Each structure stands twice: as C-alpha cells, then as structure tokens.
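Visitor: One structure follows; several queries about it will come next.
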Amino acid sequence: MSQELNEIAKRLPGKTAQALRLRQDETDAEYRLWGHLRNRVLNGHKFNRQIPLGPYVADFLCREKRLVVEIDGSQHADSLSDKVRTGWLNDNGYSVIRFWNDEVLKERRAVLETILAVLEGKIVDRCETLLFYPSTRHGDL
C-alpha cells in the first residue's frame, strides 16, 4: 500500500469508537439498505458499513470500486460540511453517492439500481439530480 493510501486509511483517534456507535445506532434507512448491501448480495460487490476514512466515517463503502454511499436525513439539506466532506473524499480517490432516508425507505429498488449503475460504470459523470460526485482523481493512487 502506498504511503498516500496509508494516510487515508489511517484511523484518527476516536474514529473507530465513533464508527462502532454509528453501527449500533443506525437509522431505519441504513438498516434496510444494509440488508441489500451486506454479504455481497448486490451482484457480488462487497460493502462495509460505518468505515473511518481520514477525518470522516462513511455510511457504506465498496473498497474495490472506491464508492462511498451516504444516507442522509433532512438535517443534511444544503449542508456546507457535507460539501466539504464530499470534496475531501473525491480528492482522495472516492466517488460519493448520496440518498435521502425517504428514498431508501420508499424507493429502495431504484436506490439499489442506481448504486449498481455506478458500480458498473453506467453512471460516471457528476450529477446533482442523482447526488453523484465522482472521484476527482484518475488512475492508480
């Protein structure tokens, strides 16, 4: 693993405990989506949940495709800190797709199809409608 990847993967103090708390206090939307992402259920893609990445904790992460899936409640609407977080993740080689809790609870099939389209390279460009933000880095890290 390169030095740069080591730095990104390094867990900052308190982040592991924070990730554990988030796993234990998951939202209904996170719980329901996790049932479709765990154990390689989504076309064999491996996901982990509540994973520390640098100063942040990602809701769901497919390491192989470097895709972060975030599930947001209404408190995240127009959040400047979410924009900063997404920028940091993009700059460090991660693509980010965001969904609202309501979408996961009411339109789970569409959410899963969108995640799969990103994983399969069918969606690659930044899209404010889909809340998809591809990595700003290209090639090997």
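The values are calculated or read from the model by the stated rules, or taken from the named source; none is laboratory data. Everything quoted here is computed from the prediction, not taken from an experiment. Note that each Cβ is placed from the backbone with ideal geometry, even for glycine, and that neighbours are counted across all protein chains shown.
Listed here are the residues, each with its yes/no results for (1) touching a residue at least 24 places away in the same chain (Cβ under 8 Å); (2) of a type in the set (Gly, Ala, Ser); (3) in a strand (DSSP E or B); (4) surrounded by 13 or more Cβ atoms within 10 Å (Cβ to Cβ).
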| residue | (1), (2), (3), (4) |
| --- | --- |
| 43 | yes, no, no, no |
| 46 | no, no, no, yes |
| 51 | yes, no, yes, yes |
| 65 | yes, no, no, yes |
| 70 | yes, no, yes, yes |
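Visitor: Can you give me the number of residues within region 90-120 that are surrounded by 14 or more Cβ atoms within 10 Å (Cβ to Cβ) and either touching a Leu at 6+ places or on another chain (Cβ under 8 Å) or of a type in the set (A, V, I, L, M, F, W, C) (or both)?
Guide: Going through region 90-120 one residue at a time, the tally reaches 20.
Visitor: Out of region 121-133, which residues are surrounded by fewer than 12 Cβ atoms within 10 Å (Cβ to Cβ) and among the charged types (D, E, K, R)?
Guide: 122, 125, 128
Visitor: Being β-branched (Val, Ile, Thr) and touching a Phe, Trp or Tyr at 6+ places or on another chain (Cβ under 6 Å) narrows it down to one residue among 41, 118, 68, 84; which is it?
Guide: Result of the check over 41, 118, 68, 84: 68.
Visitor: Could you tell me whether residue 136 is surrounded by fewer than 16 Cβ atoms within 10 Å (Cβ to Cβ), among the hydroxyl-bearing types (Ser, Thr, Tyr) and touching a residue at least 40 places away in the same chain (Cβ under 8 Å)?
Guide: Criteria met by residue 136.
Visitor: Examine region 86-93 for a residue that is at pLDDT 95 or above, part of a strand (DSSP E or B) and in contact with a Gly (Cβ under 9 Å, 6 or more places away or on another chain), and state whether such a residue exists.
Guide: Within region 86-93, none of the residues are at pLDDT 95 or above, part of a strand (DSSP E or B) and in contact with a Gly (Cβ under 9 Å, 6 or more places away or on another chain).
Visitor: In this structure, is residue 84 farther than 16 Å from residue 53 by Cα and among the hydrophobic types (A, V, I, L, M, F, W, C)?
Guide: Considered against the rule, which asks whether it is farther than 16 Å from residue 53 by Cα and among the hydrophobic types (A, V, I, L, M, F, W, C), residue 84 comes out as no.
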